[in-house]
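First up is the structure itself, then whatever we jot down about it.
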Amino acid sequence: MKKYIKLLAVSSLFVLGACSNDFLDTEPSTTKVEENFYRTPADAYSGLIAVYDVLQREAYGGPLLISEQASDDCFGGYGIADAQTDIEWDRFLFVSNKEMNADVWKYAYLGIYRANILLENLDRVNWGSDTALKTRYEAEARFLRAHFHFMAAKMFGDIVPLDHTIKASEFLLPRQPAEVTYALIANDLKFASDNLNNDNYSQAGNANYGRITKWAAEAYLARTFLFYTDYYKKTDLAGVITKAQAVTYINDVVNNSGHGLVADFANLWLAASFDKFAGEDNTEMVWAVRFNGSGKGDWNLNEGNRFQVNIAPRGGAIGPYATGWGGATVTPKLYNAYEPGDTRRDATIIDYKNESYKGNPLNFDAVAREQRQYTGYSWKKYCPINNDAGTSIVEANGGNFQIDNYQDFAVIRFSDVLLMAAELNLETNSALALADINRVRDRAFKDTNHRLTVANFNKAAIMKERQLELALEGLRYFDLIRQGVAVAKAEIDNANVDSQFNVTFRTETQGWFPLPQSQIVLSNGTISQNPGW
């Protein structure tokens, strides 16, 4: 196994978050501190929940919203008087807010920190004869550590990988080459894949729904393999996972996981199906971040999906759609990319000009609502909804529409698994790859008349299918940059008679986002800004 350099995070959050007497001379204000806490399996479970808890904060917007604004699927949006940050994500600028990506960095490293705390204390727990439980907790924690590393690495490029909690003497180490980070990611995901059992929690009411499974780990291995090998032009995942192994893992998910496609694409999304909604714990969800509306307006809790309000219609409810901030307006390019008969378009996108509700047109007045970069389109996926009386369901249940939305965020759907399998099998088993992608298309068109054939099946076709199937799910931008900055520029650049829609992807950034300036300052020069920023 590859040996890892012991590294630190160059961030004050670890100093503030530590409970050790290395950092504080005072007596602990609680009887539970790290030194006396990890004793029982119940303690370890609490530690594991603390790692999972970061996922809810990460999903406030972060990489999901930022990357969609940067992609060719969305503009910046929001209101005409709102901050310029969202316009700058859209246009690849870094002017008005040098901390515009601070939350992405902070929550990634908070998750890594909590995972490392748990992993370092597992041997102190009295597991009795239940060593399998210890292995399960280790596998889940290592998966989450890999996830948090990947979220930072795909945003910023070279980062500071951490396989342990930091010491004060380590605060000023630099970022490491991608191979070091991805070797840690790959080994963590491999451990999870090889040590979790065959459980599948996507059944209605399953108490474990949302927890990591073997199938989620295998699928995530495929995702990181594709990103790393494409972007960095490598043949394997950091010397840990070969192409053949990645194929074996993803095919295992396709064939043996028990996951499948929901019959109707629209039923995956509440705002597209209402009473026909398949539910969040449906067979297609390989892994999702869970949310609920139990906060009831308490800003100190992080149970609700705070992302949803960002993309909901600006300026008040309209039709069945609840109010929000109008962020990340959808591009006409995405809307027009769907073929006639593709059910995914109207399940993914609100069309204000042509859509009606109960026989009445939506009539979205962009001027009155002060909508910036109005295109006529916005997100239907993840849009919060109203009840029949016209009140948002969240508020009808006593919640705050800003923080108590409750829809889960789908990180990996089975359709994504099929498309990754198609991509990974393309060169060695094209018949299997073609069958996998056509399962997705059959569902999209509700017939078998739109299948790809050998003549029109290639990687470009797979990438286009990924755009249409997975639009507005935080994957498009990273699918573009892994194909190369020239491909990203060709797809993202937008010249328009109306200058508010002009976008120029800057290849000198290499596709990476700017680091928070505070991290560069805190590093005392050991970290420099990403190229192009």
Q: Treat each spin label as a single point 7 Å out from the Cα along the C-beta direction, and report the Lys243 to Asn449 distance in nm.
A: 3.8 nm
**Q.** Label point at Trp533 placed 7 Å out along Cα→Cβ; residues across the stretch 176-208 whose backbone nitrogen lies under 15 Å
**A.** 176
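So if each residue of separation counts as 0.36 nm, and I subtract the Cα-Cα distance between Ala435 and Asn397, what length gain in nm does that give?
On the way: separation 38, 0.36 × 38 = 13.68 nm, distance 4.41 nm.
Additional length available on full extension: 9.3 nm.
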Q) How high is the relative contact order of the stretch 303-407, in percent, counting Cα pairs under 8 Å that sit 6 or more residues apart? A) 37 percent
Q | the chain - charge dipole about Cα centre, Lys and Arg +1 at Cβ, Asp and Glu -1, debye rounded to 20 | A | 720 debye
**Q.** Modelled label reach - Asn524, point 7 Å along Cα→Cβ, the stretch 152-181 residues with backbone N closer than 12 Å
**A.** 168-174
Q: Have a look at Ile349, Asn116, Asn494 and report the one farthest towards the positive end of the charge dipole of the chain, computed about the Cα centre with Cβ charges (Lys/Arg +1, Asp/Glu -1).
A: Asn494
Q: Net charge near Lys233: determine it from the other residues with C-beta under 15 Å of the C-beta of Lys233, scoring Lys and Arg +1 and Asp and Glu -1.
A: +1
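Stretch Glu99-Glu120 to full length: gain in nm at 0.36 nm per residue minus the Cα-Cα span?
4.4 nm
Within the stretch 51-181, how many lysine pairs that are 8 or more places apart, or on different chains, have C-alpha atoms less than 21 Å apart? Numbers along the way, then the final one.
Working: Lys98/Lys106; Lys98/Lys154; Lys106/Lys154; Lys106/Lys167.
For the stretch 51-181, the number of qualifying lysine pairs is 4.
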Q: Would you mind computing, in nm to one decimal, how far apart the modelled labels at Asn256 and Glu35 are, each placed 7 Å from Cα along Cα→Cβ?
A: 4.6 nm
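Quick one: net charge of Tyr209's neighbours, Cβ under 13 Å, K/R +1, D/E -1?
For residues surrounding Tyr209, the net value is -3.
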Q: Would you work out which of Leu434, Ile520, Leu48 lies farthest towards the positive end of the dipole of the chain, given +1 charges on the beta-carbon of Lys and Arg and -1 on that of Asp and Glu, about the Cα centre?
A: Leu434
Q) R0 = 30 Å: FRET efficiency of Lys464 with Asn195, Cβ-based, nearest 0.05? A) 0.25
(Q) Under the 0.36 nm per residue contour assumption, what length would be gained going from the current alpha-carbon distance of Lys234 and Ser129 to full extension? (A) 33.5 nm
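Return the FRET efficiency for the residue pair Glu339, Leu172: r is the Cβ-Cβ distance, R0 is 56 Å, and the value is rounded to the nearest 0.05. Don't jump to the answer; show the numbers that get you there.
Values: r = 54 Å, r/R0 = 0.96.
Computed FRET efficiency for Glu339 and Leu172: 0.55.
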Q | Proximal aspartates and glutamates to Lys489, defined as alpha-carbon separation beneath 20 angstrom and excluding residues fewer than eight positions away on the same chain | A | Glu68, Asp72, Asp73, Asp86, Glu88, Asp90, Asp230, Glu465, Asp479, Asp498, Glu508
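Arranged from highest to lowest average of other beta-carbon atoms within 10 Å per residue, in what order do the peptides 411-417, 481-487, 287-293 appear? Kindly include the intermediate steps, with their values, before the conclusion.
Details: 411-417: 24.4, 481-487: 17.0, 287-293: 20.6.
Highest-to-lowest ranking by the protection proxy: 411-417, 287-293, 481-487.
Read-outs throughout are calculated quantities, based only on the coordinates presented, and are distinct from any laboratory measurement. Worth saying up front: this structure is predicted, and the values here are computed from it rather than measured. Because the Cβ atoms are built from the backbone with ideal geometry, glycine has one as well, and the counts that use them run over all protein chains shown.
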